[in-house]
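Presented below is the structure to which this report refers.
The values are calculated or read from the model by the stated rules, or taken from the named source; none is laboratory data. Not measured: the values here are computed from a predicted model. Using ideal geometry, Cβ is built from the backbone for each residue, glycine included, and neighbour counts are taken over all protein chains shown. Heads up: the accessible areas ignore ligands, DNA and RNA and are worked out on the full protein's heavy atoms, side chains in. Shrake-Rupley method; radii C 1.70, N 1.55, O 1.52, S 1.80 Å.
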Amino acid sequence: METSLKIPVGISLCLLGERVRYDGGHKLSRVCTELLGRHFDYRPFCPEVAAGLGVPRPPIHLVASDRGLRALGVGGRDFTRALLDYADSVTEQVRQLSGFILMERSPSCGLVSTPRHGSAGGAAGEPGAGLFAGRLREHFPDLPMEEAGRLRDPDIRERFIERVSAYHSRFR
Ligand code: SF4
């Protein structure tokens, strides 16, 4: 399909093979680039790099605290505001999209699988969204979003293509 006919879809940048992860690596997803790439024109986002965290960088974790969910780095450095502000700053770009594919388990990009930690360490509660993905969900509750790992399943993948196509036909 020609790029101009493909549907614009956001994606976590590391899934395209860019070395932007905290450890200097990437998470290239051939399901995204080769299978879904036939349908989608990707618009990449890396909230952690955009929020000023370098590459490589110490990992951050989501911590459930009495001040709500916080993204904390080494020594308790708090990146919550930076990640939420970045998500708020890209709403006009995301408004042009008809779907979003996100990297699972990430404290920024995870959609349903990101672990929560207690302030004393250890797991706290059920996994959920990272800060960037969760904020996008608040802004765009109807936008089709999926984690890349789940898109390895052919049924989930097919349904996602249908949802994105339907959203695109409805709103574009
Ligand atoms: S913030 Fe998101 S896009 Fe950036 S490296 Fe982490 S998972 Fe990938």
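Of all accessible surface on the chain at a 1.4 Å probe, what whole percent is carbon and sulfur? Walk me through the numbers on the way to the answer.
Numbers: 4350 of 8790 Å².
It is 49 percent, rounded to a whole number.
Note on Thr33: accessible area approximately 50 square angstrom, rounded to 10, probe 1.4 Å, nucleic acids and ligands left out.
Candidates Leu131, Gly17, Leu83 compared by Cα position along the dipole of the stretch 3-171: farthest toward the positive end lies Gly17, with charges placed on Cβ. Under a Gaussian network description of the chain, with springs only between Cα atoms under 10 Å, the residue in Arg159, Arg137, Arg150 that fluctuates furthest is Arg159. What the chain shows is 51 Å² of accessible area per residue, with the surface traced by a 1.4 Å probe over protein heavy atoms. For the stretch 3-171, the equivalent ellipsoid derived from the alpha-carbon gyration tensor has semi-axes of 27, 16, 15 Å in decreasing order. For the stretch 2-72, trypsin sites (Lys or Arg not before Pro) are listed when DSSP marks them as loop and at most 10 other Cβ atoms sit within 10 Å of their Cβ; the list is Arg67.
Taking the Cα centre of the chain as origin and charging only Cβ (+1 Lys, Arg; -1 Asp, Glu), how large is the dipole, in debye to the nearest 20?
Details: 24 positive and 21 negative charges, 29 e Å.
Result for the chain is approximately 140 debye, rounded to the nearest 20.
Residue ranking by accessible heavy-atom surface, 1.4 Å probe, largest first, among Asp41, Asp78 comes out as Asp78, Asp41.
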